[in-house]
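One structure is given here, and the rest of the page talks about it.
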């Protein structure tokens, strides 16, 4: 699946001001519903995790192979090793979200910066950066990640997130570059140049406000694909062995034959959580996209 | 003509740079680990319980693999071997070379990928085209849109897990793992072919369903935007029959961007298939990589990754050269303005 969102919508855009962006977002149903689900997942995981305490993650804290129960640590069942699925979930949700946050931040910041430089300054900088961007777009990054993760075994979640982020900048860079190329021909940028603003002032003062809602949509996109990548690595057995993530939960469930023992709660609960997380993020993305592309609003 | 050669040169530079960077990363990545690159072998030996004479063996290995030389010399030697297509020996299944293992795995991966991509792309394009064409006139077809959206959002491996549970455990109609029944010899008979098809059904279904959503959505929006073109109005004014307008005018014009998307997504398709193969124990490249990760078999991991990256880079290069020939609207210089 070409996971990228089309970015070639280069329609003329009205000047978007910060308070209107906030207003549009708060009235956008997709954005609000998505954000509420996302924040709700995170807060309930943190709250329940705190209530249970770190002891709850211990192996053998509950009887093994228990199905979905009524209360306490057995609410969502247990594994063959007597681990509480509920306790694992309270650790896995924030960790998976952290992977997305760290990787998407690195990818969007680095990509956005390179795209700005490449698009605005052109010339030799652009020529070199363009080749670099195309190279990173052409390589299936999951393969490099597999190699790196296989070499550096025993990484923690933040380190894995950072490595995923190091491969997540190419799409934002190419997209921002295309945006900047089109924006810089607009009259208001020309006026800025003629009135003697420096390159930095134009980039920050004139281009950034227009790129921001758009970078936001891109950020969510990178967030989704980072969570996806981390889960994929985990299922291949390359995840963090120390900390729980949603992908890591699925890996252990598959590894201990949860499918064949009909312990459906073991694999289904992290799978369902991942699906809910993705749908929430996708709604947020659609909402942000409508702010960045006013034309989409009328269609929707 | 000058722009043509500039374009070819630029694409060539990108292709060569991709290959050079990949080859270099694949060489240096295992050597950046703190400690000895032979650590994997030592662990392997310790697991097998053979510690006697390990030091002597490792010293011999060091000379055998050239690890006593400087990094620069090793890199040159590695490039020379690579140029001869020599990927070295597998550690965990020692007498086999990496090349042998790859040769066994590749047909399964390519076969599965060709079949699933062809099915999902064709089916997704036709369905998406029809839904875009009929629009609000057919609520039944319109109901496919949210289904496609959900399929597109769901990660490929999640569908694989759910399917493997439903079809192989709850309703055990299809074999869950492997590419053919264990113990049978691969032969060119109808029975064996059926066996292979049966084993491939589950992984294929999970890949087709997930990628279908994307092709459906992109074809639908392409056809919707083509509906507004002048030549469509003209075709209608001429009184052409509607099927003719759809297939000959709308569908045909949407096919090229759709084909472009297919080529561009090749890397993603391979990446997604690696995990799916692992879940179904399908003996292709993905499963080979998974097993070599488990047994710390670095030469095999490196070899498979190099092979995939090289093929993707070369296919991309060829595609870049072929597009402008198919579609005159894509000019050779246009890539620079992206």
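Read-outs throughout are calculated quantities, based only on the coordinates presented, and are distinct from any laboratory measurement. Note that the structure is a prediction, hence the values are computed from the model and not measured. When we count neighbours, we look across all protein chains shown, and the Cβ atoms used for this are built from the backbone with ideal geometry, even at glycine.
Relative contact order of the range B:100-296: 36 percent, from C-alpha pairs under 8 Å at least 6 residues apart in sequence. Cα centroids of the range B:74-94 and the range B:264-313: 18 Å apart.
Note on residue B:20 and residue B:142: the extension gain reaches 39.2 nm, defined as 0.36 nm multiplied by sequence separation minus the Cα-Cα distance.
Taking chain A as a Gaussian network of alpha-carbon nodes connected by springs under 10 Å, the highest mean-square fluctuation of the residues A:250, A:148, A:220 belongs to A:148. Modelled spin labels at residue A:80 and residue B:247, positioned 7 Å past Cα toward Cβ, are 5.5 nm from each other. Remark: the residue B:166-residue B:234 segment gains 19.4 nm on full extension, using 0.36 nm per residue and subtracting the alpha carbon distance.
Between residue B:55 and residue B:325, the simple label model (points 7 Å from Cα in the Cβ direction) yields a spacing of 6.3 nm.
As a proxy for reagent exposure, A:174, B:137, B:31 were ordered by neighbouring Cβ count within 10 angstrom, fewest first; the result is B:137, B:31, A:174. Just checking the listed ones, A:90, A:108, A:273: in the Gaussian network model of chain A with Cα springs under 10 Å, the one fluctuating most is A:273. Largest GNM mean-square fluctuation among A:112, A:122, A:232, using chain A with Cα springs under 10 Å: A:122. In terms of other Cβ atoms within 10 Å, A:265, A:214 run from fewest to most in the order A:265, A:214. Take each residue of peptide A:267-278, count the partner chain Cβ atoms within 10 Å of its Cβ, and average: the result is 3.
For chain A, the longest principal axis of the Cα atoms and the long axis of helix A:208-235 meet at an angle of about 30 degrees.
Taken residue by residue and averaged, Cβ atoms of other chains lying within 10 Å of the Cβ of A:232-239 number 5. Each 5 Å bin from 0 upward holds the following percent of the Cα-Cα pairs of the range A:145-241: 3, 11, 19, 16, 11, 10, 9, 8, 7, 4, 2, 0. From the Kirkwood radius over Cα pairs of the protein assembly as shown, Stokes-Einstein at 4 °C and 1.567 mPa s returns a whole-number translational diffusion coefficient of 48 µm²/s. Once the range B:100-296 is represented by equal point scatterers at the alpha-carbon sites, with solvent omitted, what log10 I(q)/I(0) does the Debye formula produce at q = 0.08, 0.15, 0.16, 0.17 Å⁻¹? Scattering profile of the range B:100-296, log10 relative to I(0): -0.35, -0.93, -1.01, -1.09. Legend: calculated FRET efficiency, residue B:310 to residue B:134, from the Cβ-Cβ distance at R0 = 60 Å, rounded to 0.05, equals 0.85. The label point for residue B:69 and the one for residue B:3, both projected 7 Å from the Cα toward the Cβ, are 4.8 nm apart. Per-residue shielding of B:154-163, expressed as the average number of other chain Cβ atoms within 10 Å of the residue Cβ, stands at 6. Packing here is the average count of other Cβ atoms within 10 Å per residue, and on that basis the peptides A:50-62, A:26-38, highest first, run A:26-38, A:50-62.
Taking R0 as 45 Å, what's the FRET efficiency between residue B:12 and residue A:26 from their Cβ-Cβ distance, rounded to 0.05? Plugging the Cβ-Cβ distance into 1/(1 + (r/R0)^6) gives 0.35.
Summarising the overall dimensions of the range A:37-299 from its C-alpha atoms, the Rg and Dmax are 22.1, 74 angstrom. Measuring r between the beta carbons of residue B:79 and residue A:131 and using R0 = 25 Å, the FRET efficiency lands at 0.75. Summarised as an ellipsoid, the range A:162-300 has semi-axes of 43, 17, 9 Å, derived from the eigenvalues of the Cα gyration tensor scaled by 5 and square-rooted, with the largest first. A quarter of the convex hull surface defined by the alpha-carbon atoms of the range B:70-199 gives 14.3 nm² as the mean projection.
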